[in-house]
Amino acid sequence: MNLKALFSDSGRRGEVLRFGLVGGFCTVLQYGMYVVFYKAVGVTPVVATIISYGISFIANFFLSSFFTFHSDPNAKKGLAFTASHLINMGLQTGLVAIFKYIMPPVLALLPALAICVPANYFMVRYAFKGKRFS
């Protein structure tokens, strides 16, 4: 798939690739903002986490809307996007709490992510497109 096709492909494969790119970018953005606010601004790690998560979350919403799902952002989609991320966070937390007893705790997030990332794709897709599997 060439770069132009990636940006315009409305099929599932293009969406999944763009979802991964947006997720990766927003993860790097969050970490970068965390470092900036913690090191350069001098706020506490908790405050830096909250600020950087907020910045990343907003970027993720607009990039997911315009780039990943080719959709216009609005309040309804914003609420659904927020709900999907809250559900995802709860699911991840619960799964880590289970997996930490099955494997070394340092690895517990990995199987949780293997379950949560695809689940989050479908929840976010539903938030933007109102479609589950078509």
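Values quoted throughout were computed directly from the atomic coordinates according to the rules given, and no laboratory measurement underlies them. Fair warning: this is a prediction, and the values are worked out from it, not measured in the lab. With ideal geometry, Cβ positions are generated from the backbone for all residues, glycine too; neighbour counts draw on all protein chains shown.
Work the Kirkwood hydrodynamic radius out for segment 43-83: mean of 1/r over every pair of different alpha-carbon atoms, inverted, in Å. Each step should come with its number before you reach the end.
Details: mean 1/r = 0.0904 Å⁻¹.
Taking the inverse mean of 1/r over all distinct Cα pairs, segment 43-83 comes out at 11.1 Å.
Between Rg and the Kirkwood Rh of segment 1-71, both from Cα atoms, what is the Rg to Rh ratio? Display every interim value, and only then the final one.
Details: Rg = 14.7 Å, Rh = 13.0 Å.
In segment 1-71, Rg relative to Rh is 1.13.
When the scattering of segment 74-134 is computed by the Debye formula from its Cα atoms alone, each counted once and equally, what is log10 I(q)/I(0) at q = 0.12, 0.14, 0.16, 0.24 Å⁻¹?
-0.34, -0.44, -0.54, -0.88
Under the rule that an exposed site lies in a DSSP loop and has at most 15 other Cβ atoms within 10 Å, name the longest stretch of the chain with no chymotrypsin sites (Phe, Trp or Tyr not before Pro) of that kind, not counting the sites themselves.
Details: sites that count: TYR101, PHE133.
With a cap of 15 other Cβ atoms within 10 Å, the longest stretch comes to 1-100.
What do you get for Rg/Rh of the chain when both radii come from the Cα atoms and Rh is the Kirkwood radius? All intermediate terms of the calculation are to be shown ahead of the outcome.
Numbers: Rg = 16.1 Å, Rh = 16.1 Å.
Result for the chain is an Rg/Rh of 1.00.
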